[in-house]
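Worksheet for the structure shown next.
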Amino acid sequence: MELVVKDTVIDFEDNYLNLNNFINKFNLNKYFIVTDSNVYKIYHNEISKWFKDSKVIVIDAGEENKNIDTVLYIINNLLKEGITRGDTIIAVGGGVVSDICGFVASILYRGIKHIMIPTTLLSMVDATIGGKCGVDHAERKNIIGSFYEPKGIYITPKFLETLPKEELESGLGEVVKYAFLDNNFKLLEEDNLINIIKESVLIKKYYVEADFKDTGLRMYLNFGHTFGHAIELKKGILHGQAVLEGIKMIFDLEADLGLDISREKALYEALLKKFDLAVKGYNYKDYIEDIFNDKKNFNGILNIVFIKDFKPYLYKTTKGELYDKIRNK
Ligand code: GLY
């Protein structure tokens, strides 16, 4: 099944069998593969079978390598191998690989084509969709980046068979988030993994197409991320797990502000049960200082995504106002 998100064609398949057909559809000139050391260790045979004569550039795996040095490493290798303006980068990997490769594609020769083959659930449902790409710098996540869409994305849950359990759970954290950004309960009802991925992508499609440059509606995709980012940084846990914790913290804050979110909490519990997920349950009050240090703080005012009556909206507050309102809670 194919779906188009803005200018990207996304193919959902049960396995790898249609990968070459999918790539051939784009009538590419020469292409260069970029992957990371973890993916290459498991899939080097497949990669050489799928992309027979193409040069493969392998970067070190891990968020700590999502930086400008890796961008330059890739560019230097691509140039050494003779990449031209008409050529294409094919990124095979998770969110780190896709974020870096999208950024490289956006700046090399002022923009060349790229195609994504996500290998983690998180990159299938989130990182590769919608053209946000970039790298971390000066202890800030995604602070150098661009909006640049891939031509195509080939999604198959076949890759998830080799994904560590905690990475799968991290991807499901983002899926839980999507369940609150849609007006129906399809994600709760759906059991088939490929359909869960498709449904998540469809929800993200709505926000990306409505607000590609992230100045309004797309901010709702940050539901759970305000406290989530703080937890991710401080506790060193995986992104989607942090989002899952972040959603619970938002519900606790909303409840302390007197909002009735009992139905939303019930959906959250049902989703945790359905996907066999667990949260530690951090106290949001311990992270208020952190969230106001985040890059999303404009002139001391923070936009926090709240959900009420299953609809997202932005709750705007300063640190002082927030402390005042929760003082006796
Ligand atoms: N991951 C959030 C966004 O793409 O806007």
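Points worth noting:
- Just one of the numbered conditions (1) open to solvent by less than 10 Å² (accessible area, probe 1.4 Å); (2) farther than 30 Å from Gly236 by Cβ is not true of Val71: (2).
- Across region 129-159, the number of residues qualifying as among the β-branched types (Val, Ile, Thr), more than 10 Å from the ligand (Cβ to nearest atom) and open to solvent by less than 10 Å² (accessible area, probe 1.4 Å) comes to 4.
- Some residue of region 235-257 being over 20 Å from the mean Cα position of the chain (by Cα), among the hydrophobic types (A, V, I, L, M, F, W, C) and assigned to a loop (DSSP other than H, G, I, E, B): yes
- Summed over region 130-155, the residues that are more than 16 Å from the chain's Cα centre (by Cα) and part of a loop (DSSP other than H, G, I, E, B) give a count of 3.
- Exactly one residue out of Tyr282, Tyr287, Tyr268, Tyr220 is aromatic (Phe, Trp, Tyr), closer than 24 Å to Gly95 by Cβ and within 16 Å of the ligand (Cβ to nearest atom): that is Tyr220.
- Candidate set from region 286-319 (those that are closer than 30 Å to Lys186 by Cβ and assigned to a loop (DSSP other than H, G, I, E, B)); member that is farthest from the chain's Cα centre (by Cα): Asp309
- Scanning region 200-217 for residues that are more than 8 Å from the ligand (Cβ to nearest atom), aromatic (Phe, Trp, Tyr) and either part of a helix (DSSP H, G or I) or within 24 Å of Met249 (Cα to Cα) (or both) gives a single hit, Tyr206.
- Of all residues in region 59-70, at least one satisfies being away from the ligand (no atom under 15 Å from the Cβ), touching a Ser or Thr at 6+ places or on another chain (Cβ under 8 Å) and either of a type outside the set (A, V, I, L, M, F, W, C) or within 24 Å of Ala210 (Cα to Cα) (or both).
- When region 103-128 is limited to residues that are within 11 Å of the ligand (Cβ to nearest atom) and open to solvent by 10 Å² or more (accessible area, probe 1.4 Å), the one that is nearest to Leu217 (Cα to Cα) turns out to be Asp126.
- Of all residues in region 221-278, those satisfying the criterion of being open to solvent by less than 10 Å² (accessible area, probe 1.4 Å), under 25 Å from Asp324 (Cα atoms) and among the β-branched types (Val, Ile, Thr) are Ile231, Ile247, Ile250, Ile261.
- Matching residues, region 163-180, being open to solvent by less than 10 Å² (accessible area, probe 1.4 Å) and either free of Cβ contacts under 8 Å to residues at least 12 places away in the same chain or assigned to a loop (DSSP other than H, G, I, E, B) (or both): Phe180
The values are calculated or read from the model by the stated rules, or taken from the named source; none is laboratory data. A quick note: this is a predicted structure, and the numbers were derived from the prediction, not measured. Cβ sites come from the backbone with ideal geometry, for glycine too, and all protein chains shown count toward neighbours. Calculation scope for accessible area: heavy atoms of the full protein, side chains included, ligands and nucleic acids excluded. Shrake-Rupley method; radii C 1.70, N 1.55, O 1.52, S 1.80 Å.
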